[in-house]
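Undergrad: Right, I'll just put the structure down here and ask away after.
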Amino acid sequence: MGILQDPQPLSGSSHFSSLSPVETDEVFNLLGAYRQDTHPSRVNLGAGVYCTDEGESWPLRVVERVEKSLYEDRDPRRHDYIPIEGDRRFLDVARDLVFSSSSPTQPPSHAGKRLSQQSSVSPDRVVSVQTISGTGANHTGARFLAETLRPGCVWLSDPTWANHHVIWSSVGVAQRLYPYYDARNCTVDFSAMMATLEREAQPRDVVVLHACAHNPTGLDPSRDQWAAIAELCRRKQLFPFFDSAYQGFASGDPARDAWAIRHFCELQPPQELCVAQSFSKNFGLYGQRAGAFHLVVNDASMVTRASVLGRLAGILRSEISVSPRYGSTIVRTVLESEDLTHAWLADLQVMSGRIKAMRLALYSELCRLQTPGSWKHIVDQVGMFSYTGLTPAEVAILRERYHIYMLSSGRISVAGLNTKNVQYVAAAIHAVRTQQAYQS
């Protein structure tokens, strides 16, 4: 019998040479191309990051106050690990921000008192863990549901945040799309969405819903439409999965931006659901990765809660061990203080107000130029992003000829507009749209 040997690659070859290429992320590719562009009039409308009117990053004023305080406190435990499930105080205020209908300037939660007084959701029904921002919350939730609920498929809006597809593919759940965007009218295609889910969705299917400021379209259902979606999910026994990445950032009012989630929670008989929560946008903590995953269960027994928490902790332990603490400490410090929360709400008004102003400025300039097409959808949409209605061909010309960078879908980050470039962007869109209209 010959001696068995471990298979080795041939000289000069690799075990990994046969790997097929993987499609790279368009947003990060776009950002890389923008950075390499030296044109003085270049404009970045791709990245979902808030910028000031000077085009600079903006650490929130309230965040800077907390950072200064944390530095001066010099807590010797400031670099310690937090528990696997996360900082409990952070999770309490994060949970209350989502599920409580009271103003976040009310006294902070203590053992869920504010939540139980202001919402039909008992704090005992909510199991929460800390995550690596919204992406981590989405992935943790997707993996948990794939392993426990075992849905036949997950329903994603068409279009949706590109990372939703990557995340659900990674946990092996089949994906289906429900209609969402009416390209002809630049509105929510509500009737098609409802008809598709009514006809084809099955019990235990997961339905991913954007809590507010839908990414990438900037279009949200009305409250009446949200109520109809909630009733459909309850009746057909679908499992709602809310992605809440922009609470407070969309309208400037956190309670208003979480209305849809609370409405689902108030249905009778009660419905189970989950929420992936991010603090990247509304606290400007993009690189600090502060987030949370909340699961609302109907069985609030200690046994069930412990089992759910154990499963979630097991997922976290296998992937990240524990979450980072700096960003969550900032969020917790702000939301536990009435004074700091008032300051945070003021900062939210600054950001949401500037974005609304830029929407109006772009719309007004396109109207002034009499640019072909209807542009009212720009001011009807909300949040950081706008689905402009520009075609991939028009986007390509804007990038190549005018050095304006946006996704091929025509999605722009409105936060990339400012009083210095909005006229240039509008003029470029006008020139391209006029040329396209002439050629057609």
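Rule-based calculations on the coordinates, nothing more; no lab input. What you see is a predicted model, and the numbers here were worked out from it, not measured in a lab. Heads up, the Cβs are rebuilt from the backbone with ideal geometry, glycines too, and the neighbour counts pull from every protein chain shown.
Undergrad: Would you kindly state the longest site-free stretch of the chain, with sites defined as GluC sites (Glu not before Pro) in a DSSP loop (not H, G, I, E, B) surrounded by at most 12 other Cβ atoms within 10 Å? Could the numbers behind the result be given before it?
TA: Values: sites that count: Glu23, Glu54, Glu56.
Segment 57-440 is the longest.
Undergrad: Pick out, from Ala393, Ile261, Leu156, the residue whose Cα sits farthest towards the positive end of the charge dipole of the chain, with +1 on the Cβ of Lys and Arg and -1 on the Cβ of Asp and Glu.
TA: Ile261
Undergrad: Okay, moving on. What shape does the stretch 372-440 take by its C-alpha gyration tensor, where a ≥ b ≥ c are the square roots of the eigenvalues and a/c under 1.5 counts as rounded, a/b above b/c as prolate, and the rest as oblate?
TA: Values: a/c = 1.56, a/b = 1.32, b/c = 1.18.
It is prolate, given that a/c is not under 1.5 and a/b is the larger ratio.
Undergrad: Below 15 angstrom from the Cβ of Pro83, what's the summed charge of the other residues (Lys, Arg +1; Asp, Glu -1)?
TA: Working: positive: Arg77, Arg88, Arg89, Arg317, Arg325, Arg332; negative: Asp80, Glu85, Asp87, Asp92.
In short, +2.
Undergrad: Another question, if that's okay. Cα gyration tensor of the stretch 157-314, axes a ≥ b ≥ c as square roots of the eigenvalues: rounded (a/c below 1.5), prolate (a/b > b/c) or oblate? The partial results should precede the final answer.
TA: Details: a/c = 1.42, a/b = 1.13, b/c = 1.25.
Because its axes are fairly even, with a/c under 1.5, the stretch 157-314 counts as rounded.
Undergrad: Straight-line reach only, C-alpha to C-alpha below 22 angstrom: list the lysines that Lys281 could link to, leaving out same-chain residues fewer than 8 apart.
TA: Output for Lys281: Lys68, Lys356.
Undergrad: Here are labelled values, [x] 216; [y] 129; [z] 185, and one is the computed volume of the Cα convex hull per residue in Å³ for what I pasted. Which one?
TA: For volume of the Cα convex hull per residue in Å³, the calculated option is [x].
Undergrad: HN-Hα J couplings of the stretch 151-160 from phi, Karplus 6.51/-1.76/1.60, θ = phi - 60°, integer Hz, Gly and Pro as x?
TA: 3J(HN,Hα) across the stretch 151-160, in whole Hz: x, x, 6, 10, 9, 10, 5, 10, x, 9.
Undergrad: Assuming 0.36 nm per residue, please report the length gained on full extension of the stretch Ser337 to Ala174 beyond their Cα-Cα distance. Please report the intermediate quantities before stating the final value.
TA: Details: separation 163, 0.36 × 163 = 58.68 nm, distance 4.34 nm.
Result for the pair: 54.3 nm of gain on full extension.
Undergrad: Could you pull out every residue, at least 5 positions away or on a different chain, whose amide H is within less than 5 Å of the one on Glu266? Hs are placed 1.01 Å off N in the peptide plane, and Pro or chain starts have none.
TA: HN-HN under 5 Å from Glu266: empty list.
Undergrad: For the chain, which longest stretch is free of loop sites, where a loop site is one of the chymotrypsin sites (Phe, Trp or Tyr not before Pro) that DSSP puts outside H, G, I, E and B and that has at most 13 other Cβ atoms within 10 Å? Walk me through the numbers on the way to the answer.
TA: Details: sites that count: Phe16, Tyr81.
That gives 82-440 as the longest site-free run.
Undergrad: Using the Karplus curve 6.51 cos²θ - 1.76 cosθ + 1.60 with θ = phi - 60°, work out ³J(HN,Hα) for each residue of the stretch 42-59 in order, rounded to whole Hz, and write x for Gly and Pro.
TA: Going residue by residue, I get 4, 9, 9, 10, x, 6, x, 10, 5, 10, 6, 5, 8, x, 9, 4, 9, x Hz, with x marking Gly and Pro.
Undergrad: From the phi of every residue in the stretch 266-282, what ³J(HN,Hα) in whole Hz does the Karplus formula 6.51 cos²θ - 1.76 cosθ + 1.60 yield, where θ is phi - 60° and glycine or proline is x?
TA: Using θ = phi - 60°, the values come out as 8, 5, 10, x, x, 10, 7, 7, 9, 9, 9, 10, 10, 10, 5, 7, 6 Hz.
Undergrad: For Tyr424 and Asp37, what does the FRET efficiency come to when R0 = 22 Å and r is the distance between their Cβ atoms, rounded to the nearest 0.05?
TA: Working: r = 15 Å, r/R0 = 0.66.
With R0 = 22 Å, the Cβ-Cβ based efficiency is 0.90.
Undergrad: While we're on this one: Set the Förster distance to 30 Å, then compute FRET efficiency between Arg199 and Ser374 from the Cβ-Cβ distance, nearest 0.05. Walk me through the numbers on the way to the answer.
TA: On the way: r = 31 Å, r/R0 = 1.03.
Approximately 0.45, to the nearest 0.05.
Undergrad: Show which aspartates and glutamates lie in cross-link reach of Lys420 when reach means a straight Cα distance below 12 angstrom and same-chain residues fewer than eight apart are skipped.
TA: Filter leaves Asp53, Glu54.
Undergrad: Rounded to the nearest 500, what is the chain's calculated 222 nm mean residue ellipticity when only DSSP H runs of at least 4 contribute -39500 (n - 2.57) each, over all residues?
TA: The per-residue figure over the chain is -14000 deg cm²/dmol.
Undergrad: I'd like the FRET efficiency for Ala228 and Val350, computed as 1/(1 + (r/R0)^6) with the beta carbon distance as r and R0 of 35 Å, rounded to 0.05.
TA: Numbers: r = 34 Å, r/R0 = 0.98.
After rounding, the FRET efficiency stands at 0.55.
Undergrad: Stretch Arg61-Thr148 to full length: gain in nm at 0.36 nm per residue minus the Cα-Cα span? Numbers along the way, then the final one.
TA: Details: separation 87, 0.36 × 87 = 31.32 nm, distance 4.21 nm.
27.1 nm is the gain from fully extending Arg61 to Thr148.
Undergrad: Still on this model: Got the relative contact order for the stretch 228-314 handy, in percent, Cα pairs under 8 Å and 6 or more residues apart?
TA: Working: 97 pairs, mean separation 21.5, N = 87.
Relative CO of the stretch 228-314 lands at 25 percent.
Undergrad: DSSP H helices in the chain with Cα extent of 27 Å or more along the helix axis and mean Kyte-Doolittle hydropathy at least -0.5?
TA: For the chain, where a helix must reach 27 Å along its axis and average at least -0.5, the hits are 338-368.
Undergrad: Can you tell me the dipole magnitude for the chain around its Cα centre, using point charges on the Cβ only (Lys, Arg +1; Asp, Glu -1), in Debye to the nearest 20?
TA: Values: 43 positive and 44 negative charges, 42 e Å.
Once rounded to the nearest 20, the dipole reads 200 debye.
Undergrad: Using only alpha carbon pairs under 8 Å that are at least six residues apart, calculate the relative contact order of the chain and give it in whole percent.
TA: Relative contact order comes out at 24 percent.
Undergrad: Let me ask something else about it. Out of residues 5 or more away from Asp158 or on other chains, whose amide H comes under 5 Å of its own, with H placed 1.01 Å from N in the peptide plane?
TA: Tyr178, Tyr180, Tyr181
Undergrad: Moving to a separate point now. Among Gly327, His377, Ile355, which residue has its Cα positioned farthest towards the positive end of the charge dipole of the stretch 327-433, with +1 placed on the Cβ of Lys and Arg, -1 on the Cβ of Asp and Glu, and the dipole taken about the Cα centre?
TA: His377
Undergrad: Could you list the trypsin sites (Lys or Arg not before Pro) in the stretch 170-222 that lie in coil according to DSSP, counting only those with at most 11 other Cβ atoms within 10 Å of their Cβ?
TA: Working: sites: Arg176, Arg184, Arg199, Arg204; in loops: Arg184, Arg204.
Sparse-neighbourhood loop trypsin sites (Lys or Arg not before Pro): Arg184.
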